[in-house]
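The values are calculated or read from the model by the stated rules, or taken from the named source; none is laboratory data. What you are looking at is a predicted structure, and each value in this text was computed from that prediction instead of being measured. Note that we place each Cβ from the backbone using ideal geometry, even for glycine, and neighbour counts take in every protein chain shown. Please note that ligands, DNA and RNA were not included when accessible areas were found on the heavy atoms of the full protein model with its side chains. Shrake-Rupley method; radii C 1.70, N 1.55, O 1.52, S 1.80 Å.
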Amino acid sequence: MSGTTRIARGASHLECTGCAGTLESEQLVGVSPCCGKPLLVRYDLEGIRSEFQPDALIGRAPDLWRYEEVLPVREARFKARLGEGFTPAVDAPRLAARLGVGRLWIKDEGQNPTGSFKDRGAAVAIGRAAELGARAVAIPSIGNGGAAAAAYAAALGLEAHVFLPEDTPPATHEQIRKLGAQLYLLEGSISNARRAVLEGVRDKGWFDLSTCEEPYRVEGKKTMGYEVVEQLGFRMPDAILYPTGGGTGFIGMWKAFDEMERLGWIGAERPRMISVQAEGCAPVVRAWEQGADAIEPWGEVRTYASGLSAPTVFAGYLTLKVLRESEGAAVAVPDATMAEWVRVVGRETGIFMSPEGGAVAAGARLLRERGLLSEDDEVVLFATATGLKYVGREPR
């Protein structure tokens, strides 16, 4: 297939992650009506397999829409293009040597339009919501997700209502307001913001963009998995370290690898998926260490890494499933350590990453010390946002 040919099939159906029941895809929906669990988008992969092969990507725009055959937005007018996706995978040999691994890439998500990986989920989720008739969206956020929602709602002409804890970085507040969204600052954690969103959804008919409570943010985030494989020459790294809050990207990348195998792009090999959290908010790590099947809510959140301050994880059982299937791991690091590794990575690579990125670098060092990463491993670290959003914010 040439690089100029296009096939745009869209979703075939939605699937409940609780009972595997199916749901018709052409409707505006949140969680599954059967089980109240997250829905995943499914595609006719066999039907597109012969045409949608790696050579189909030649000549396509360097953004996430290059994978449009496995994205749910059908019409071009709902595919807002602000430069989202296809961020660089930066080869970092000096940092690899310092961490004691064979080879290391930093996936620099700070180069997305609003400065974080959240743009991926917002582009696809808001595009699909608009295509299915939504006119206003609402999101509880700890900063970057709200900025992304504001940007893509503006690009597509939708109202955006963003609810943040009042202690989120001030730069994000300014960004959201300047992008035209209605910003609400609330006391307490993101759980309070979530309750406020539910009131607006019930009373005003807003479409709820909460993490894993609609099917499409996962679809945008899964493109990180497609990109890693493409950028590494259609092969897998040994491990992927990812800062985990709500877990959407973690779940999405695992879904991407399954789709690529079904398309014939890769074999059955998989990277070890490693979840990194802050010591002051580590519900995934606690559940992993206890061998639990579900993730219980965290107590008081104490971390300056806003992207890691998610005390509840709605789709936590899916995150634990990925950890187990990949023979991965989960680790937590203190704020002071992640802040130090932000400086280390900056000196060794020239990338100014957010605290969440510092957490994965610190996590890699910790795993190497424990023998869970080896001197021969090829590793991808996700730097999920630019450090510019955290200027003036110090570890707790």
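Evaluate the stretch 208-215: report whether one residue or more is open to solvent by less than 30 Å² (accessible area, probe 1.4 Å), assigned to a helix (DSSP H, G or I) and touching a Leu at 6+ places or on another chain (Cβ under 6 Å). Give the derivation first.
Our first condition is that a residue be open to solvent by less than 30 Å² (accessible area, probe 1.4 Å); within the stretch 208-215, this holds for 208-210, 212, 214-215.
Narrowing the set further to residues that are assigned to a helix (DSSP H, G or I) leaves none.
Looking through the stretch 208-215, none of the residues is open to solvent by less than 30 Å² (accessible area, probe 1.4 Å), assigned to a helix (DSSP H, G or I) and touching a Leu at 6+ places or on another chain (Cβ under 6 Å).
Of the residues in the stretch 180-203, how many are part of a loop (DSSP other than H, G, I, E, B) and open to solvent by 60 Å² or more (accessible area, probe 1.4 Å)?
Residues of the stretch 180-203 that are part of a loop (DSSP other than H, G, I, E, B), as a first pass: 180-181, 187-189.
Still in the running and open to solvent by 60 Å² or more (accessible area, probe 1.4 Å): 180, 187.
Total meeting the criteria: 2.
Could you grab me the full set of residues in the stretch 344-362 that are of a type in the set (S, T, N, Q) and part of a loop (DSSP other than H, G, I, E, B)?
The first filter runs over the stretch 344-362 and keeps only residues of a type in the set (S, T, N, Q), leaving 349, 354.
Passing the criteria: only Ser354.
Look through the stretch 331-342, keep the residues that are free of Cβ contacts under 8 Å to residues at least 60 places away in the same chain and in contact with a helix residue (DSSP H, G or I) (Cβ under 8 Å, 6 or more places away or on another chain), and return whichever of them is most open to solvent (accessible area, probe 1.4 Å).
Filtering the stretch 331-342 for residues that are free of Cβ contacts under 8 Å to residues at least 60 places away in the same chain and in contact with a helix residue (DSSP H, G or I) (Cβ under 8 Å, 6 or more places away or on another chain), the one most open to solvent (accessible area, probe 1.4 Å) comes out as Glu340.
Are there any pairs, at least 6 apart or on different chains, whose C-beta atoms fall under 7 Å, with the first in the stretch 100-122 and among the hydrophobic types (A, V, I, L, M, F, W, C) and the second part of a loop (DSSP other than H, G, I, E, B), and if so, which?
Val101/Leu373; Val101/Glu375; Val101/Asp377; Leu104/Ala92; Trp105/Ala92; Ile106/Ala92; Ile106/Ile351; Phe117/Thr384
Every residue in the stretch 129-156 that is in a loop (DSSP other than H, G, I, E, B) and either out of contact with any Phe, Trp or Tyr (no Cβ under 6 Å at 6 or more places or on another chain) or open to solvent by 10 Å² or more (accessible area, probe 1.4 Å) (or both), please.
Across the stretch 129-156, the qualifying residues are Leu132, Gly133, Arg135, Ser141, Ile142, Gly143.
Six or more apart or on different chains, Cβ under 9 Å: which pairs go from a residue in the stretch 178-191 that's over 15 Å from Leu209 (Cα atoms) to one that's modelled with pLDDT of 95 or more and assigned to a loop (DSSP other than H, G, I, E, B)? Could you list them?
Close Cβ pairs (under 9 Å, with a partner that is modelled with pLDDT of 95 or more and assigned to a loop (DSSP other than H, G, I, E, B)) amount to Leu179/Thr114.
Among the residues of the stretch 363-379, what is the count of those that are without any contact (Cβ under 8 Å) to a residue 40 or more places away in the chain and outside any loop (DSSP other than H, G, I, E, B)? Write out each step before concluding.
Restricting attention to the stretch 363-379, the residues satisfying the condition of being without any contact (Cβ under 8 Å) to a residue 40 or more places away in the chain are 366, 369-371.
Then keep just the ones that are outside any loop (DSSP other than H, G, I, E, B); that gives 366, 369.
Summing the residues that are without any contact (Cβ under 8 Å) to a residue 40 or more places away in the chain and outside any loop (DSSP other than H, G, I, E, B) in the stretch 363-379 gives 2.
Glu230 passes all but one of (1) in a helix (DSSP H, G or I); (2) out of contact with any Leu (no Cβ under 8 Å at 6 or more places or on another chain); (3) not aliphatic (A, V, I, L, M); which number fails?
With (1) in a helix (DSSP H, G or I); (2) out of contact with any Leu (no Cβ under 8 Å at 6 or more places or on another chain); (3) not aliphatic (A, V, I, L, M) applied to Glu230, the lone miss is (2).
Please find, within the stretch 157-173, the residue that is farthest from Ala123 (Cα to Cα) out of those that are open to solvent by 50 Å² or more (accessible area, probe 1.4 Å) and part of a helix (DSSP H, G or I). Before the answer, list the steps.
Narrowing the stretch 157-173 to residues open to solvent by 50 Å² or more (accessible area, probe 1.4 Å): 157, 159, 166-167, 170-171.
Right, trim to part of a helix (DSSP H, G or I) and you get 170-171.
Values: Pro170: 23, Ala171: 21 Å.
Residue satisfying both the conditions and the ranking: Pro170.
Being crowded, with 24+ Cβ neighbours inside 10 Å, out of contact with any Asp or Glu (no Cβ under 6 Å at 6 or more places or on another chain) and not aliphatic (A, V, I, L, M) is the filter here, so list the residues in the stretch 227-245 that pass it.
Tyr242, Thr244, Gly245
Return yes or no: is Arg60 within 30 Å of Ile351 (Cα to Cα) and out of contact with any Leu (no Cβ under 9 Å at 6 or more places or on another chain)? Walk me through it before giving the result.
Working: within 30 Å of Ile351 (Cα to Cα): yes; out of contact with any Leu (no Cβ under 9 Å at 6 or more places or on another chain): yes.
Against the criterion (within 30 Å of Ile351 (Cα to Cα) and out of contact with any Leu (no Cβ under 9 Å at 6 or more places or on another chain)), Arg60 qualifies.
If a residue has to be among the charged types (D, E, K, R), touching a residue at least 24 places away in the same chain (Cβ under 8 Å) and open to solvent by 10 Å² or more (accessible area, probe 1.4 Å) to count, how many in the stretch 343-362 make the cut? So that I can check it myself, show each step before the final result.
Just the residues of the stretch 343-362 that are among the charged types (D, E, K, R), to begin with: 343, 347-348, 356.
Right, trim to touching a residue at least 24 places away in the same chain (Cβ under 8 Å) and you get 348, 356.
Next, only the ones that are open to solvent by 10 Å² or more (accessible area, probe 1.4 Å) stay: 348.
Residues that pass the stated criteria total 1.
Restricting attention to the stretch 275-317, and to residues there that are in contact (Cβ under 8 Å) with a residue 60 or more places away in the chain, touching a strand residue (DSSP E or B) at 6+ places or on another chain (Cβ under 9 Å) and of a type in the set (A, V, I, L, M), which single residue is most open to solvent (accessible area, probe 1.4 Å)?
Val301
Is it true that some residue in the stretch 96-108 is in a helix (DSSP H, G or I) and closer than 22 Å to Lys221 by Cα? Walk me through how you get there before you give the answer.
Step one: list which residues in the stretch 96-108 are in a helix (DSSP H, G or I), which gives 96-99.
Next cut, closer than 22 Å to Lys221 by Cα only: none.
Within the stretch 96-108, not a single residue is in a helix (DSSP H, G or I) and closer than 22 Å to Lys221 by Cα.
Would you kindly identify the strands (runs of 3 or more DSSP E) lying entirely within the stretch 10-94 that contain at least 2 residues that are in contact with a helix residue (DSSP H, G or I) (Cβ under 9 Å, 6 or more places away or on another chain) and open to solvent by 20 Å² or more (accessible area, probe 1.4 Å)? If you could, list the steps in order and put the result at the bottom.
Details: elements: 13-16, 39-42, 89-91.
The qualifying strands (runs of 3 or more DSSP E) are 89-91.
Looking at the structure I just gave you, is Arg262 open to solvent by 10 Å² or more (accessible area, probe 1.4 Å), among the charged types (D, E, K, R), out of contact with any strand residue (DSSP E or B) (no Cβ under 6 Å at 6 or more places or on another chain) and not in a helix (DSSP H, G or I)?
Details: open to solvent by 10 Å² or more (accessible area, probe 1.4 Å): yes; among the charged types (D, E, K, R): yes; out of contact with any strand residue (DSSP E or B) (no Cβ under 6 Å at 6 or more places or on another chain): yes; not in a helix (DSSP H, G or I): no.
No: the conditions fail for Arg262.
When both residues are 6+ apart or on different chains and their Cβ atoms are under 7 Å apart, which pairs have a first residue that lies in the stretch 249-274 and is free of Cβ contacts under 8 Å to residues at least 24 places away in the same chain, and a second that is of a type in the set (Gly, Ala, Ser) and open to solvent by 40 Å² or more (accessible area, probe 1.4 Å)?
Filtered contacts from the stretch 249-274: Glu261/Ala268.
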